[in-house]
Structures are given as structure tokens and as C-alpha cells.
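Following: one structure in C-alpha cells, then a few remarks.
The values are calculated or read from the model by the stated rules, or taken from the named source; none is laboratory data. Small disclaimer: the values here were computed from a predicted structure and weren't measured. All Cβ positions, even for glycine, are placed from backbone atoms using ideal geometry, and neighbour counts span all protein chains on display. The protein model used for the area step is the full one, side chains on, heavy atoms only, and it has no ligands, DNA or RNA in it. Shrake-Rupley method; radii C 1.70, N 1.55, O 1.52, S 1.80 Å.
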Amino acid sequence: MNAVEHAYATLRKGILDGTYPPGAQLAEVELAGHLAVSRTPVREAIRRLHSEGLIEVFPNRGAYVRTWTRAQLDELFSVRALLEGHAAALAAQHATDPQRAAMAVLCDEMDEAAAEPTDIQRVADLNDRFHALVHESSANSLLPGMIRGLIQVPVVVRTFLGYSPERLRISLWQHREILSAIRAHDGPWAESAMRTHILSARHELDASP
């Protein structure tokens, strides 16, 4: 991995996992020292992260991890619900038997990870894989990439971390309903179930401390 890729991957991971929280300044000199690279790779990494919408760059002030207003989160989750709902509807038509079987395995593994003691990071990772498989099963070549940009926003990545045990159980049950709809080849049901799942996660952010 070259210096640019190292800087980019490290900073991106730090933004997504909260090491660099919303509003944190990303100072080139300090980052270069921390990453043991020159300022040029850091500058290129910041440019790429800015193009992905993960950071904001202000003239004469520098780069900062992006913050999200309530209105912006509403917009993000609204678009995500539309796209993921459409992906689920298409998956109900196009998912193969192996893909449906893989979704069922992921649901089982999420249930196991959610049991006491709960491994919430594993649940979150399995959740990502479940959603990615639904997107892939849509057989639409554009949807996975379009949705990926929405679900990799840091506040979305960390949604699971604030779930109560009851809210986690509801989320896992919603996955089962999405799978049931896909198994039944019922597009409208799959779309409705997925949209409910996404929008309920948005409301959970409002309920978080």
C-alpha cells in the first residue's frame, strides 16, 4: 500500500469508527506526523474524502469531519429508504436460491451475535452484509454503488451502537420480514418492509441521548 492509500484508508476508517468525530479538524501537519508520511499524501487523502462527502473543506480554515443537521439526516434517510426499498422489491423478483439461503444464514448469525453477551460490532457487520446482499440480489448494476455512498456516512455506520436491547430485537425481526417478503416473491411487501426498517432507524437517532 502506497503512502496515499495508507493515509486515505487510515483517515477514512478513523472517521467511520468515530476516532475523528463530527466537527474534528484534520490538520495536515499533525496527520502527516501521526501517519509517518509527508503532507502530500495527506492532502490527497483529504481531497478524496471530501469528494466522498465525509469531510468539509473551508477556505483559510482547513478540513473538518462533516457534521450533519437534522434536516440533512432526514434527507439522507429518505433517499436511502427509497433506494433500498426499490432494491428489496427487485430482490423479491430476482434473488436466486443461494442468495436467499445466504440471507437466512446472516439472519441466524445476527440472532446469535445479539444474544447475551451481545457482540454489537459483529451484529453491525452482519447487518451490512445482509443489506449488501439484498442490493446485489436486485440484479440492478447501479443500485449497490448508489446506496453504498449513503450507508457509509459515519452516523449511519454507528447507528447500531446506540440501540437498546429492545430496539435491536425489532431490527432483527425486520430483517426476517424482509427475507420473508423476498422468499414470497412479493415486491410491494419487500419494499414496504425495507422502507419501514430504514425509517425506523432514522427515528432511533432522534431518540438517542
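Only one of these conditions is not met by residue 204: (1) surrounded by 13 or more Cβ atoms within 10 Å (Cβ to Cβ); (2) out of contact with any His (no Cβ under 6 Å at 6 or more places or on another chain); (3) at pLDDT 95 or above; (4) on the phi < 0 side of the Ramachandran plot. Which number is it?
(3)
Against the conditions (1) under 17 Å from the mean Cα position of the chain (by Cα); (2) open to solvent by less than 60 Å² (accessible area, probe 1.4 Å), where does residue 26 fall short? Just the number, please.
(1)
Assuming residue 95 fulfils every condition listed in (1) over 19 Å from the mean Cα position of the chain (by Cα); (2) modelled with pLDDT under 95 apart from one, which condition is it?
Going through the list (1) over 19 Å from the mean Cα position of the chain (by Cα); (2) modelled with pLDDT under 95, residue 95 breaks only (2).
Based on this model, can you work out whether residue 93 counts as open to solvent by 20 Å² or more (accessible area, probe 1.4 Å), touching a residue at least 40 places away in the same chain (Cβ under 8 Å) and farther than 18 Å from residue 170 by Cβ? Lay out the reasoning, then the answer.
Values: open to solvent by 20 Å² or more (accessible area, probe 1.4 Å): yes; touching a residue at least 40 places away in the same chain (Cβ under 8 Å): yes; farther than 18 Å from residue 170 by Cβ: yes.
So residue 93 fits the description; yes.
Out of contact with any Leu (no Cβ under 7 Å at 6 or more places or on another chain), at pLDDT 95 or above, open to solvent by less than 10 Å² (accessible area, probe 1.4 Å) and β-branched (Val, Ile, Thr), is that true of residue 134?
On the way: out of contact with any Leu (no Cβ under 7 Å at 6 or more places or on another chain): yes; at pLDDT 95 or above: yes; open to solvent by less than 10 Å² (accessible area, probe 1.4 Å): yes; β-branched (Val, Ile, Thr): yes.
Taking the combined requirement at face value, the residue satisfies it.
Please verify whether region 110-121 includes one or more residues that are open to solvent by 60 Å² or more (accessible area, probe 1.4 Å), modelled with pLDDT of 95 or more and farther than 17 Å from residue 83 by Cα.
yes
Please enumerate the residues belonging to region 60-70 that are exposed (fewer than 10 other Cβ atoms within 10 Å of the Cβ) and modelled with pLDDT under 90.
Step one: filter region 60-70 for residues exposed (fewer than 10 other Cβ atoms within 10 Å of the Cβ), giving 60-61, 69-70.
Matches in region 60-70: 60, 69, 70.
Considering every residue within region 6-14, establish whether at least one is within 16 Å of the chain's Cα centre (by Cα), within 28 Å of residue 128 (Cα to Cα), loosely packed, with under 14 Cβ neighbours inside 10 Å and not small (Gly, Ala, Ser).
The first filter runs over region 6-14 and keeps only residues within 16 Å of the chain's Cα centre (by Cα), leaving 12-14.
Checking the rest, the ones that are also within 28 Å of residue 128 (Cα to Cα) come to 12-14.
Keeping just the survivors that are loosely packed, with under 14 Cβ neighbours inside 10 Å gives 13.
Retained after the next criterion (residues that are not small (Gly, Ala, Ser)): 13.
So far as region 6-14 goes, yes, one or more of its residues are within 16 Å of the chain's Cα centre (by Cα), within 28 Å of residue 128 (Cα to Cα), loosely packed, with under 14 Cβ neighbours inside 10 Å and not small (Gly, Ala, Ser).
Quickly run through region 157-204 and pick out the residues that are in contact with a helix residue (DSSP H, G or I) (Cβ under 6 Å, 6 or more places away or on another chain) and β-branched (Val, Ile, Thr).
157, 159, 178, 182, 198
Cβ-Cβ below 8 Å, separation at least six or inter-chain, first residue in region 176-199 and under 20 Å from residue 77 (Cα atoms), second open to solvent by 60 Å² or more (accessible area, probe 1.4 Å) and of a type in the set (D, E, K, R): which pairs?
none
Checking the condition more than 23 Å from residue 92 (Cα to Cα) and more than 14 Å from the chain's Cα centre (by Cα), which residue from 138, 192, 164 passes?
Numbers: 138 fails: more than 23 Å from residue 92 (Cα to Cα); 192 fails: more than 23 Å from residue 92 (Cα to Cα).
Just a single option satisfies the conditions, and that option is 164.
Sort out which residues of region 18-57 are under 25 Å from residue 156 (Cα atoms) and assigned to a loop (DSSP other than H, G, I, E, B), and write them in order of number.
Selection gives 18, 19, 20, 21, 22, 23, 24, 27, 52, 53, 54.
Has region 149-159 got any residue that is at pLDDT 90 or above and surrounded by fewer than 19 Cβ atoms within 10 Å (Cβ to Cβ)? Before you say what the answer is, go through the steps one by one.
Taking region 149-159 and keeping what is at pLDDT 90 or above, we get none.
There is no residue in region 149-159 that is at pLDDT 90 or above and surrounded by fewer than 19 Cβ atoms within 10 Å (Cβ to Cβ).
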